[in-house]
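So the structure is just underneath, and the comments pick up after that.
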Amino acid sequence: MAVLDYKIDGLHIPLTALINYRGYTLIAQAKLPIDKTTIVYGTANAGLNVYCESPEFYQKMKLLSEKLNIKLHRVWNINKTKHVDLYTPADLEGHLGFDKRYYAVDFSRIFPPVAPHNENRTECLYQLMRPEFLRRYPKPLSSDAFTVFGREDKHINNIDVLQATLLLETEVISSFARDLDSCSRLGLGGAVGGAVGVKDGVSVSSFESEEDNSVGQLITDLHLRGINVRYLMLLFMLVHSPYWRGVIATEMTARTCKRLVQEKWRQVYSLGEQADEEYRLVFLDFVKDLFGSDVEGEKGEGKSALFWESEVLPQLRRRFLGRGRKQVAPEIISF
């Protein structure tokens, strides 16, 4: 978590773990010495009440916002009877715990959103910018842009986020695509920048050949540039190198298959308590459909092609095809 990297003095956050279990991802957090009476910052009830009661906690949020490059903005309560100026998203809660320590909880929207590109305005609640991009952007952005909490000065803050989104989706991703093509021409299959140790102010590693673990390094370099994984299809369409197009296609397919398996496991779980063997059988059936072979080794190409067309490709399109693009590149379909 980016917040942990900055070690704001006197600011405490709960110990958190992600637990993957039978297709579900759970977030487990340590119980803190706080309740609804200890809140001093933000809102815990969707804006019914908004707080900014502690100058000391406020200064901690100011310091954090400067490091993350997020913007001070005004937030009103639902009834428009009270407003506060917050550095972080309104639903990030600050508490003065029963032990007299300051705690911050609910960092799910700490980073500003990318501008929504269709009528699904809820995208702004979960499609967020990466901290690497924000740190290099020349001005701070509001984490509440395009939300009901960001109605005050929305014409300024929303436009700022829209301009940043356009920069990310055009110049930043295009630059990364060109660098991948340059690596390919140099015979370097790995990190962006090849043998160069620093690119655009960001340290990068390099590989000596395309036999290195370029799939894993691709995501590392993608994140170092501040590019989200959801833009892999856009990157795929901009890259010309057959090698890198294959790497990107492999990554998108792997992530899609993981999501499909998780969905099937959740379906099994919804039927009630099942033995572990049931989940293994579901996974085995998925692999058979994916690669077109049954247990005896007999080929089932026809069934596999139908599986790809009916399940894999539609899921891949839903996850990675965005920003108004209506078609998947032909190479993805035949990959």
Check your understanding: Is it true that some residue in the stretch 169-181 is open to solvent by less than 40 Å² (accessible area, probe 1.4 Å), at pLDDT 50 or above, out of contact with any helix residue (DSSP H, G or I) (no Cβ under 9 Å at 6 or more places or on another chain) and within 30 Å of ASN77 (Cβ to Cβ)?
Key -> no
Practice item. Can you confirm whether the stretch 142-149 contains a residue that is of a type in the set (D, E, K, R), more than 17 Å from the chain's Cα centre (by Cα) and either within 19 Å of ALA46 (Cα to Cα) or open to solvent by 70 Å² or more (accessible area, probe 1.4 Å) (or both)? Key: no
**Study point:** So PRO113, is it of a type outside the set (A, V, I, L, M), out of contact with any His (no Cβ under 9 Å at 6 or more places or on another chain) and farther than 22 Å from ALA44 by Cα
**Key:** no
Exercise for review: Filter the stretch 1-47 for residues that are acidic (Asp, Glu) and surrounded by fewer than 10 Cβ atoms within 10 Å (Cβ to Cβ) and give the result.
Suggested key: ASP5, ASP9
Check your understanding: Taking ILE78 and the conditions (1) open to solvent by 70 Å² or more (accessible area, probe 1.4 Å); (2) in contact (Cβ under 8 Å) with a residue 12 or more places away in the chain; (3) farther than 20 Å from ILE156 by Cα; (4) not in a loop (DSSP other than H, G, I, E, B), which numbered condition does it fall short on, given that it satisfies the others?
Key -> (4)
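Each row is one residue, and each column tells you yes or no for (1) out of contact with any strand residue (DSSP E or B) (no Cβ under 7 Å at 6 or more places or on another chain); (2) closer than 27 Å to ARG135 by Cα; (3) touching a residue at least 12 places away in the same chain (Cβ under 8 Å).
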site: ALA30; (1), (2), (3): yes, no, yes
site: THR37; (1), (2), (3): yes, no, no
site: VAL40; (1), (2), (3): no, no, yes
site: ALA44; (1), (2), (3): no, no, yes
site: GLY47; (1), (2), (3): yes, no, yes
site: CYS52; (1), (2), (3): no, yes, yes
site: LYS60; (1), (2), (3): no, yes, yes
site: LEU64; (1), (2), (3): yes, yes, yes
site: LYS67; (1), (2), (3): yes, yes, yes
Review point. Looking at the stretch 265-289, which of its residues are exposed (fewer than 15 other Cβ atoms within 10 Å of the Cβ), closer than 16 Å to VAL312 by Cα and among the acidic types (Asp, Glu)?
Key: ASP285
Exercise for review: Filter the stretch 48-65 down to residues that are open to solvent by less than 40 Å² (accessible area, probe 1.4 Å) and not hydroxyl-bearing (Ser, Thr, Tyr) and give me whichever is nearest to ASP9 (Cα to Cα).
Suggested key: LYS60
Practice item. Sort out which residues of the stretch 81-102 are outside any strand (DSSP E or B) and either touching a helix residue (DSSP H, G or I) at 6+ places or on another chain (Cβ under 8 Å) or buried (at least 20 other Cβ atoms within 10 Å of the Cβ) (or both), and write them in order of number. Key: TYR87, THR88, PRO89, ALA90, ASP91, LEU92
Study note, to complete from the structure: Given the conditions (1) modelled with pLDDT of 95 or more; (2) open to solvent by less than 60 Å² (accessible area, probe 1.4 Å); (3) more than 24 Å from VAL172 (Cα to Cα), every one holds for THR253 apart from (3)
Practice item. Look through the stretch 150-164, keep the residues that are among the polar types (S, T, N, Q) and within 21 Å of ILE78 (Cα to Cα), and return whichever of them is surrounded by the fewest Cβ atoms within 10 Å (Cβ to Cβ). Key: ASN158
Review point. List the pairs whose first member sits in the stretch 205-230 and is farther than 28 Å from LEU128 by Cα, whose second member is modelled with pLDDT of 90 or more, and whose Cβ atoms are under 9 Å apart, counting only residues at least 6 apart or on separate chains?
Key: GLU210/TYR243; GLU210/VAL247
**Study point:** Condition met for TYR41 (of a type in the set (Phe, Trp, Tyr) and either part of a strand (DSSP E or B) or touching a helix residue (DSSP H, G or I) at 6+ places or on another chain (Cβ under 6 Å) (or both))
**Key:** yes
**Study point:** Qualifying residue in the stretch 131-141 (condition: assigned to a helix (DSSP H, G or I), among the acidic types (Asp, Glu) and without any contact (Cβ under 8 Å) to a residue 40 or more places away in the chain)
**Key:** no
**Study point:** Hey, ALA115 assigned to a loop (DSSP other than H, G, I, E, B) and more than 22 Å from TYR231 (Cα to Cα) or not
**Key:** no
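The values are calculated or read from the model by the stated rules, or taken from the named source; none is laboratory data. These figures come from a predicted structure and were not determined experimentally. Reconstructed Cβ throughout: ideal geometry from the backbone, glycine too, with neighbour counts over all protein chains shown. Protein only, heavy atoms only, side chains kept; ligands, DNA and RNA dropped before computing areas. Shrake-Rupley method; radii C 1.70, N 1.55, O 1.52, S 1.80 Å.
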